[in-house]
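Engineer: Structure incoming, see below.
The values are calculated or read from the model by the stated rules, or taken from the named source; none is laboratory data. The shown structure was predicted, so the numbers you read here are calculated from the model rather than taken from an experiment. Positions of Cβ are generated from backbone atoms using ideal geometry, with glycine treated the same way; all protein chains shown enter the neighbour counts. We work out accessible area using only protein heavy atoms, side chains counted, and drop any ligands, DNA or RNA first. Shrake-Rupley method; radii C 1.70, N 1.55, O 1.52, S 1.80 Å.
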Amino acid sequence: MTARHELAVIGAGPAGLAAATTATELGLEVAIFDDQPAPGGQIYRGVERTPLADPAVLGEDYRRGAGLAEAFRASGAAYHPSCGVWLLTPEREIGLLDNGQARFVTAGRVIIAGGAMERPVPFPGWTLPGVMTAGAGQILLKSVGMVPEKEVVLAGTGPLLLLLAAQYLRVGVRIAALLDMTPRSNALRALPQLPAALSAFGTLAKGLALKREIRRAGVRVVKGVTSLRALGEACLEAVVYEAGGREQRLDSELLLVHFGVIPDSNTTRSLGVRHLWDSRQLCWRPAVDAWGNTDVEGFAVVGDGAGIGGALAAEHAGRLAALEAARALGRIDVAERDERAAPARAAVVKELRVRPFLDALFQPAPELISRLDDDTVVCRCEEVTAGQVREAVGQGCTGPNQLKSFTRCGMGPCQGRQCGTTVSQLIGHTLGRPVEEIGAYRIRPPLKPINLTQLAALDSEEGEAA
Amino acid sequence: MFKKLHDDGAARVTVTIDGQAVQVPAGETVAAATLIHGLSPFRTSAVSGVPRAPFCMMGVCFDCLVEIDGTPNRQACQVRVAEGMAIRRQDGAGGSAP
Ligand code: FES
């Protein structure tokens with residue numbers, strides 16, 4: 001039998017946990033599905049049981065996740081860990097891989113809280129073993145207490161890079177260099193946004209404190225890095241970077257890169273939700289209203305998956321979507337929804353006030369995409385280069401979906417998650433047209449690999465139920 | 001490439017990586033267990049056969065694909081180790097590395 005839930009929440013990061021907790025408190029029957037084995041999402045990963053002897057290493061913000069997880073555990077929402085979504089239909093059928101077993105559920109409403117992923121930015125050698133994302137480094141630190149064995153090179157731009165550097169320093173990891181690829185002109189462009197951002201003084205102060213901590217530790221910080229190359233045969237041997245027009249080389253076996261985070265939009269894409277190109281955050285995001293509602297009836301998207309706003313904004317947006325679900329399902333009326341929503345609404349507004357400043361300050365250089373070397377691999381799976389993409393455009397290819405038949409770009413196992421944003425921008429740049437006109441890959445289920453045995457098991461189960 | 005900060009005291013399970021038995025903490029991902037034993041690369045790429053290893057550790061890059069208990073193309077960063085699990089690094093689109 002296919003289980004039916006009143007409300008299904010997908011993802012157990014801050015947005016999903018807050019949504020499920022609030023909805024359960026409002027009397028809804030809630031099931032939450034998450035592919036991780038424990039609550040917290042990526043930001044609060046491992047928060048219930050960090051392997052670090054000294055939890056202070058991860059910082060104060062991380063501990064907020066413990067409170068969220070605790071309230072969620074106490075709420076009574078049905079929790080399904082290690083349970084990923086591979087199919088989502090507009091009829092609100094959800095295909096799950098529950099601890100490796102395929103099954104279906106249906107829901108009256110669905111809140112998608114799928115979170116963010118790191119922005120993939122190609123550069124020569126980025127597919128070499130030993131080149132990883134800063135997020136990968138942080139996941140290893142948070143969940144299993146693993147850190148680089150030798151000196152590590154950090155490169156890119158964004159708050160996570162600074163946070164990881166500070167966390168590494170606190171546990172004695174040696175940092176060979178922090179290559180800051182934030183364009184020098186960003187500070188000036190961010191300046192007009194500063195007054196609004198000052199209301200989130202705490203966030204800004206934390207960023208400055210991280211910078212101070214890194215400087216005091218004597219880390220070599222190289223500003224104005226404009227290009228990056230990873231060299232090696234079987235694995236990374238050296239990092240070559242350019243700053244101030246001069247090339248420098250650092251021998252290293254581990255390079256962690258970061259270029260900000262973007263919504264992980266494959267799930268919402270597959271559902272047919274309308275997406276917009278966000279020219280400030282340089283990424284696609286689903287179009288949602290103030291409650292997270294999408295243009296597909298009964299589906300809301302909240303948290304960083306709806307546009308990057310950070311963990312606190314995500315948490316409050318989750319609460320708003322839960323209130324809206326309770327209204328739609330007839331538990332509360334509009335007046336009650338609005339009244340209860342006031343604190344969360346105010347908190348979201350406050351959290352988002354700092355965003356335009358941060359977005360401008362940490363925006364990756366457009367040249368990283370527009371001036372990609374022809375030889376650089378853009379699609380990691382099918383090993384399609386920037387040159388091949390440009391060549392296809394020269395032959396008349398006008399969009400990402402056409403590009404698939406020209407080059408197989410985006411057709412590998414990651415389903416365009418790693419190359420999608422790059423490809424839309426690269427085609428737009430080559431044609432001299434805005435990205436929103438270029439469009440994005442169409443995404444088809446399964447959203448994660450499901451094998452024949454798992455599908456067969458589903459068939460026999462359905463047969464028995466019938 | 002990586003080391004553990006300290007022994008977390010977690011229960012251990014025995015898995016094999018390319019036939020070699022190793023002890024790893026229960027609950028850890030296959031990717032973390034393989035990385036800590038220094039076994040990189042994880043696979044060779046499907047098109048040009050170049051070495052690959054985990055990039056994202058969060059399930060979005062698919063560069064950590066390995067063979068687990070005979071099934072190729074499993075995401076090592078998304079699968080947890082289990083007692084007796086046989087992990088093999090893979091060649092190209094699937095099938096074991098020599
Ligand atoms: S390391 Fe990226 S999917 Fe596993």
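Engineer: To test your reading of the geometry: what angle, between 0 and 90 degrees and rounded to tens, separates the Cα axis of helix A:60-75 from the longest principal axis of chain A?
Structural biologist: Long axis of A:60-75 versus the principal axis of chain A: about 20 degrees.
Engineer: Once you average over the residues of A:77-89, how many Cβ atoms of partner chains fall within 10 Å of each Cβ?
Structural biologist: On the way: counts 0, 0, 0, 0, 0, 3, 0, 2, 0, 0, 0, 0, 0.
That works out to 0 on average.
Engineer: Ignoring ligands, DNA and RNA, how much accessible area is buried between chains A and B, both sides summed, with a 1.4 Å probe, to the nearest 100 Å²? Each step should come with its number before you reach the end.
Structural biologist: On the way: alone 20560 and 5460 Å², together 22530 Å².
Summed over both sides, the interface buries about 3500 Å².
Engineer: Just grab the label-to-label distance for A:Ala187 and A:Ala342, each label 7 Å out from Cα along the Cβ direction, in nm (one decimal).
Structural biologist: 4.3 nm
Engineer: Let me ask something else about it. Output the relative contact order of chain B, whole-number percent, from Cα pairs under 8 angstrom with separation of 6+ residues. Please list the in-between numbers first.
Structural biologist: Details: 207 pairs, mean separation 30.7, N = 98.
31 percent.
Engineer: Turning to a different aspect of this structure: Could you rank the peptides A:65-73, A:229-237, B:26-34 by their average count of other C-beta atoms within 10 Å per residue, with the highest value first? Please list the in-between numbers first.
Structural biologist: Working: A:65-73: 18.2, A:229-237: 16.7, B:26-34: 22.9.
By packing density, highest mean first, the sequence is B:26-34, A:65-73, A:229-237.
Engineer: Moving on to the next point. Ranked from highest to lowest mean number of other Cβ atoms within 10 Å per residue, what is the order of the peptides A:416-429, B:72-85, A:196-209?
Structural biologist: Values: A:416-429: 24.4, B:72-85: 19.1, A:196-209: 14.4.
Order by mean packing, descending: A:416-429, B:72-85, A:196-209.
Engineer: When a/c is below 1.5 the answer is rounded, else prolate if a/b is larger than b/c, else oblate, so apply that to the stretch A:38-163 with a ≥ b ≥ c taken from the square roots of the Cα gyration tensor eigenvalues.
Structural biologist: Taking the square roots of the gyration eigenvalues as a ≥ b ≥ c, the stretch A:38-163 is oblate.
Engineer: Provide the gained length on full extension for the span A:Arg216 to A:Arg49, in nm with one decimal, where the gain is 0.36 nm per separating residue minus the Cα-Cα distance. Each step should come with its number before you reach the end.
Structural biologist: Working: separation 167, 0.36 × 167 = 60.12 nm, distance 3.04 nm.
Here the answer is 57.1 nm.
Engineer: Right, another one. Assuming R0 = 56 Å, what is the FRET efficiency of B:Asp8 and A:Arg433, from their Cβ-Cβ distance, to the nearest 0.05?
Structural biologist: Working: r = 52 Å, r/R0 = 0.94.
So, using R0 = 56 Å, E works out to roughly 0.60.
Engineer: Right, something else. Is the stretch A:120-259 best put as rounded, prolate or oblate by its Cα gyration tensor, with a ≥ b ≥ c the root eigenvalues, rounded for a/c under 1.5, and otherwise prolate when a/b is larger than b/c, oblate when not? Show your work: numbers first, answer last.
Structural biologist: Numbers: a/c = 1.94, a/b = 1.34, b/c = 1.45.
Because a/c hits 1.5 or more and a/b fails to exceed b/c, the stretch A:120-259 counts as oblate.
Engineer: For peptide A:130-141, how many partner chain Cβ atoms fall within 10 Å of a residue's Cβ, on average? Present the calculation step by step, with values, prior to reporting the outcome.
Structural biologist: Details: counts 5, 2, 10, 7, 0, 5, 10, 2, 2, 8, 10, 2.
Average per residue, whole number: 5.
Engineer: So, one more: Suppose R0 equals 60 Å. What FRET efficiency, 1/(1 + (r/R0)^6) with r the Cβ-Cβ distance, do A:Thr226 and A:Gln101 give to the nearest 0.05? Let's see the in-between values first.
Structural biologist: Numbers: r = 49 Å, r/R0 = 0.82.
The calculated FRET efficiency here is 0.75.
Engineer: If Rh is defined by the Kirkwood formula over all Cα pairs and Rg also comes from Cα, what ratio Rg/Rh do you get for the protein assembly as shown?
Structural biologist: Numbers: Rg = 22.6 Å, Rh = 24.1 Å.
With Rg and the Kirkwood Rh in hand, the quotient comes to 0.94.
Engineer: Keeping to pairs on different chains or 8 or more places apart, tell me how many lysine pairs in chain A have Cα atoms under 22 Å apart.
Structural biologist: Numbers: A:Lys142/A:Lys150; A:Lys142/A:Lys206; A:Lys142/A:Lys211; A:Lys206/A:Lys223; A:Lys206/A:Lys350; A:Lys211/A:Lys223; A:Lys404/A:Lys448.
So the count works out to 7.
Engineer: So for each of A:262-273, A:432-443, B:2-13 I average, over its residues, the number of other beta carbons within 10 Å; can you give me the resulting order with the highest mean first? Spell out each step's value before the answer.
Structural biologist: On the way: A:262-273: 22.4, A:432-443: 16.0, B:2-13: 13.8.
Highest-to-lowest ranking by the protection proxy: A:262-273, A:432-443, B:2-13.
Engineer: Give me the accessible area per residue for chain A, probe 1.4 Å, as a whole number in Å².
Structural biologist: Using a 1.4 Å probe on heavy atoms only, each residue of chain A averages 40 Å².
Engineer: While we're here: Could you work out, residue by residue across A:145-151, how many beta carbons of other chains sit within 10 Å of that residue's beta carbon, and then give the average as an integer? Kindly include the intermediate steps, with their values, before the conclusion.
Structural biologist: On the way: counts 8, 9, 4, 3, 6, 3, 0.
Per residue, the average neighbour count from other chains is 5.
Engineer: Percent of accessible area on the protein assembly as shown owned by carbon and sulfur, 1.4 Å probe?
Structural biologist: That share works out to 52 percent.
Engineer: To continue, here is another question. Given a cut-off of under 8 Å on Cα pairs at least six residues apart, what relative contact order in percent is computed for the stretch A:120-259?
Structural biologist: Relative contact order for the stretch A:120-259 comes out at 38 percent.
Engineer: With axes computed from alpha carbons, what is the tilt in degrees of helix A:14-25 against the longest principal axis of chain A, rounded to the nearest 10 within 0 to 90?
Structural biologist: 10 degrees
Engineer: Calculate the all-directions average of the projected area of the stretch B:12-88's alpha-carbon convex hull, and give it in nm². Write out the running numbers ahead of the final one.
Structural biologist: Numbers: hull surface 18.4 nm².
Reported value for the Cα convex hull: 4.6 nm².
Engineer: Taking a ≥ b ≥ c as the square roots of the eigenvalues of the Cα gyration tensor of the stretch A:367-438, is the shape rounded (a/c under 1.5), prolate (a/b larger than b/c) or oblate?
Structural biologist: On the way: a/c = 1.39, a/b = 1.24, b/c = 1.12.
It comes out rounded by the Cα gyration axes.
Engineer: In nm, to one decimal, how far is the modelled label at A:Glu233 from the one at B:Thr71, with both set 7 Å along Cα→Cβ?
Structural biologist: 3.7 nm
Engineer: Once each part is reduced to its C-alpha centroid, what is the distance from the stretch A:243-283 to the stretch A:131-180 in angstrom?
Structural biologist: Spelled out, the Cα-based centre of one part sits 17 Å from the other.
Engineer: If you fit an axis through the alpha-carbon atoms of helix A:452-465 and take the longest principal axis of the Cα set of chain A, what angle between them do you get, 0 to 90°, nearest 10?
Structural biologist: 10 degrees
Engineer: Under 8 Å for C-alpha pairs, at least 6 residues apart: give me the relative contact order for chain A, rounded to a whole percent.
Structural biologist: On the way: 977 pairs, mean separation 85.6, N = 466.
Result for chain A is 18 percent.
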